[in-house]
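The values are calculated or read from the model by the stated rules, or taken from the named source; none is laboratory data. All values derive from a computational prediction rather than experimental measurement. Backbone-built Cβ (ideal geometry, glycine too); neighbour counts: all protein chains shown.
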Amino acid sequence: LAAYLVGSVPFGYLAGKLIKRVDLRQQGSKNVGATNVFRVVGTLPAIVVLFLDICKGFLSIHLPGLFQLDGSVGISPQTFTLLTILAGLAAIAGHNWTIFLKFRGGKGVA
């Protein structure tokens, strides 16, 4: 659940609203991803959005370790690996179907 919520943060949407006061879901390709941010908002915001989207994935796959699920609480390395994979998939699901935008989001490319 934590990885899904991390992945759900719509940085592209926020960039459009905060910088240009536009709803990216109504502009360009109507997608809230970094490519549409580039088209509608600009180069630097798109680079920042891409970086933040990549960070969402990075943080999500490290969540099991942050919650001390690294074997010190009695789970096997295989279970830890499975939890890490599931956390990454949850972040992708959050990015693609964000709860904050009525389950519409990016394309999962970043």
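Data overview
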quantity: Criterion violated by Tyr13 - all others in (1) over 13 Å from Thr98 (Cβ atoms); (2) in a helix (DSSP H, G or I) satisfied; calculated: (1)
quantity: Subset of segment 59-77 that is at pLDDT 70 or above and among the polar types (S, T, N, Q) - its residue that is nearest to His95 (Cα to Cα); calculated: Ser60
quantity: Residue count, segment 29-38 (criterion: over 29 Å from Ala2 (Cβ atoms) and surrounded by 16 or more Cβ atoms within 10 Å (Cβ to Cβ)); calculated: 1
quantity: Some residue of segment 12-27 being modelled with pLDDT of 90 or more, acidic (Asp, Glu) and farther than 19 Å from Ile92 by Cβ; calculated: yes
quantity: Matching entry among Val41, Val48 (being touching a Gly at 6+ places or on another chain (Cβ under 6 Å), of a type in the set (Val, Ile, Thr) and either closer than 23 Å to Ala93 by Cα or surrounded by 20 or more Cβ atoms within 10 Å (Cβ to Cβ) (or both)); calculated: Val41
quantity: Options Val22, Val32; residue that is in a loop (DSSP other than H, G, I, E, B), touching a residue at least 60 places away in the same chain (Cβ under 8 Å) and not charged (D, E, K, R); calculated: Val32
quantity: Any chance Ile85 is among the β-branched types (Val, Ile, Thr), assigned to a helix (DSSP H, G or I) and surrounded by fewer than 16 Cβ atoms within 10 Å (Cβ to Cβ); calculated: yes
